[in-house]
1. Counting other C-beta atoms within 10 Å, which of C:His116, D:His208 has the fewest, and how do the rest follow?
2. Shortest first and in nm with one decimal, please list how far the A:Arg209 label point sits from its counterparts in the other copies (point 7 Å along Cα→Cβ).
3. Along the axis that rotates chain B into chain D, which residue of chain B has the nearest beta-carbon, and what is the gap in whole Å?
4. In nm, give the distance between the simple-model label positions of A:Glu25 and D:Lys222, each being 7 Å from the Cα along the Cα-to-Cβ direction.
5. Sort all Cα-Cα distances of the range C:28-89 into consecutive 10 angstrom bins from zero, then give the percent of pairs in each bin up to the one containing the longest distance.
6. Kindly give the distances from B:Tyr63 to its copy-mates, label point to label point, with each label point 7 Å from Cα along Cα→Cβ, as nm values to one decimal ordered shortest first.
7. When the Cα centres of the range C:82-118 and the range D:167-187 are compared, how far apart do they sit, in Å?
8. Grab the DSSP H runs of chain C that are 4 residues or longer, score each as -39,500 (n - 2.57), total them, divide by all residues and round the 222 nm result to the nearest 500 deg cm²/dmol.
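Each reported figure results from applying straightforward, stated rules to the coordinates on display, with no laboratory input. The shown structure was predicted, so the numbers you read here are calculated from the model rather than taken from an experiment. Positions of Cβ are backbone-derived with ideal geometry, glycine not excepted, and every protein chain shown enters the neighbour counts.
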4 protein chains.
Amino acid sequence: MGRPAASSNSARAKIDARRKYDPEETKRNILEVATAEFSAMGLAGARVDSIAERTNTTKRMLYYYFGSKEGLYEAVLDKVYGDIRTLEQDLHVSELEPIEGMRRLVEFTFDYHDRHRDFVRLVTIENIHGAKYLEQLKTFRSRNASVIATIEDLLTRGVASGQFRDDVDPIDLHLMISSLCFHRVSNRSTFGTAFGRDPSHPRLRAKHREMIVDAVLRFLKK
Amino acid sequence: MGRPAASSNSARAKIDARRKYDPEETKRNILEVATAEFSAMGLAGARVDSIAERTNTTKRMLYYYFGSKEGLYEAVLDKVYGDIRTLEQDLHVSELEPIEGMRRLVEFTFDYHDRHRDFVRLVTIENIHGAKYLEQLKTFRSRNASVIATIEDLLTRGVASGQFRDDVDPIDLHLMISSLCFHRVSNRSTFGTAFGRDPSHPRLRAKHREMIVDAVLRFLKK
Amino acid sequence: MGRPAASSNSARAKIDARRKYDPEETKRNILEVATAEFSAMGLAGARVDSIAERTNTTKRMLYYYFGSKEGLYEAVLDKVYGDIRTLEQDLHVSELEPIEGMRRLVEFTFDYHDRHRDFVRLVTIENIHGAKYLEQLKTFRSRNASVIATIEDLLTRGVASGQFRDDVDPIDLHLMISSLCFHRVSNRSTFGTAFGRDPSHPRLRAKHREMIVDAVLRFLKK
Amino acid sequence: MGRPAASSNSARAKIDARRKYDPEETKRNILEVATAEFSAMGLAGARVDSIAERTNTTKRMLYYYFGSKEGLYEAVLDKVYGDIRTLEQDLHVSELEPIEGMRRLVEFTFDYHDRHRDFVRLVTIENIHGAKYLEQLKTFRSRNASVIATIEDLLTRGVASGQFRDDVDPIDLHLMISSLCFHRVSNRSTFGTAFGRDPSHPRLRAKHREMIVDAVLRFLKK
DNA sequence: AATGAATGAGTGTTCATTCAT
DNA sequence: CATGAATGAACACTCATTCAT
């Protein structure tokens, strides 16, 4: 019976990856290469030619789909921020008791930053530009509410159960957790140069992970 | 009329600030403008022409003294890292008892980052470049030992007095303090965009300062 | 009296204006948009994409029907020159006495240029290109004979009646009339900028019309 | 030691035409080539690379001195308009009696347009662009007053002496003279194609010159 | 010590046109 | 007849750097 004749488009796309006209794949491919370039070189340092070369298509298509270097950069930002928010929503810490939930959240945040250096670098780069490109992403602001909601839920339940202190603001706590998880990745290079110690080394990583969870929980406990 | 025959350079510079050719002043002026440009635009984004324009001298002098755009960038890095290390050495926390000394150290770190956004931005930028320019600054590595020595001293004394736990590594602690003080400045823009809250606002700043001291001390206490 | 089923193309086009595929209408639509674009931007300045966008069809059709940007430009030229020659032939000045006929011809020329800025601009543009596209229009040369014939007829009859001088060449006269009617439209912008006076303003237009008729007749009269 | 020590700069420039650093000559050379290119190809059709190639210098200098393609185009316009106005002021027709003066003015206008096709083409091109670049030339408007003043003087004196009619507006007359002198040059190509007759042929030129003077004087005489 | 003029290699972008569906 | 996707060559413009004075 083989394959049903002329199945759906998406099926066809998967089966025949070599087909020449596949806009989605073309865009995805460009975005992937661009993410690497922008993350490695910054917005000003990135070269459109360099991106195009490592793509399956030509420079022209890059402009066809993304309009400009900045447009492409924005698309990269959008994708990369979308990824973390999507994952954060699948955490389901509301099902855990407060301390365990908080541990889980911190560990997730730690792991995500540790594994996604591109994301960390792009956020860093965006800060060099005063977040002006991020501000133009319409979907951005709304996506942040959920992290805060998650933290707020944990805090409320922890306070109610007498485990957590009651004077901690969820956004401040988010900033604290971010700081601890982000900085060791974003400043890995200068830190390594200064102290001859690479924070991303497996043994250090495990130690930092525990340390950060510990620091956050000690900060929260009554 | 005679100009006093060749006194010391620094003296001469002060005495006759209006004299037309003052190499030290020219260099200082270039470095100042360059610091602002590199910090605002990044290494790739900075424009040599733009720096030269805002200088009291010409583009040619910039090359005369610093050799290249990268040479100038390195000089800026050198100056800016030199400043913080110099100040750190004047802290004299060894004269304070451990908890008070640690509080003082954290507050100093907090205040320094909060007030020196240029420094924070330049470190951020340097991390984008994998710290490769920092690595070439010969004086750099040696200068970092003192912070760690200071922390080590505080930790040792705190452990001895039974106030601090005994399993904390000074470099890890330094990273933790740095993270908390650096991130809220370096990521001010994206944070502001995401949560509509500017971490550099005076009221938030005071709150964060206390919070960070609190978090560090809770982490250290037995 | 009914209309015969499926008569000429133009009839069909009118009957079923909403039918999806109507080659003639598609071509007409493309030509209309292209006339505006070429007239406004020149040949080099015109954008194929810009034309296609404002069309009811796609860019591909534009190439399908006209072959190239230059082919389309030629088609526009052809249409636009065809229009004026067609009208000129309907003037019937041969039925008027010489002076009245000449007045009528000048007024027609004046009005036509005044009302058809696109035509004037396209002729101007064609002159920038040394008339090289016009030269390729096979039908062009033959179409010009009639204006000259008209003028010649008027001149001959005017000379015979003793009203006109006998040393005026019809082609030279045509050039004179054209100059007076064309220039004030073609150079409206620079003239307006130079003298703060727009030659296309209604009051000026009427004045110029009289003035030009007057000048031509004074030039011709014995 | 030979050559007189340091003569004047301008003298030096003339003596040593091959000297490498001569900004004025560089600018002049660029302007000259650019005038030819813009006049031949229009603003959109002109190629910066093409201009640079025919220059004694490089493309970069073109941007160094003129900022952009449009900046260069404006400089060309400025130069070209400056030339004719300068000449117009040297006409001294006020010293001639009205009819002779008017003849002289028309002949000058005729000759200037006939000999300066570049000027005519550039004005034509500028009209395609709605005179928007001309409008930005600050010196432009003021320079036009003098032609009108000259015409006004001739008209006034002619009316006073009873030679000219008294209902002719100087700006309208200027437009008429311009039309007759400009059009035969600007539309030479289409005219030639249409009637197989080149208006710039010597014999025709002389005839047209007389004809135009005749037409203007007949228009003005009582 | 200081400077305006000059430069070659590269940088983001656009264009008319064609292909695969 | 119709279309979105794709393209290579060209385009205006910028950059860090050096030269002649």
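1. C:His116, D:His208
2. Values, ascending and in nm: 3.7, 8.9, 9.6.
3. Residue plus distance in Å, as requested: B:Arg60, 5.
4. 9.1
5. 23, 56, 18, 4
6. Label point to label point, same position, other copies: 1.7, 3.1, 4.6 nm.
7. For the range C:82-118 versus the range D:167-187, the Cα centre distance is 21 Å.
8. The per-residue figure over chain C is -23500 deg cm²/dmol.
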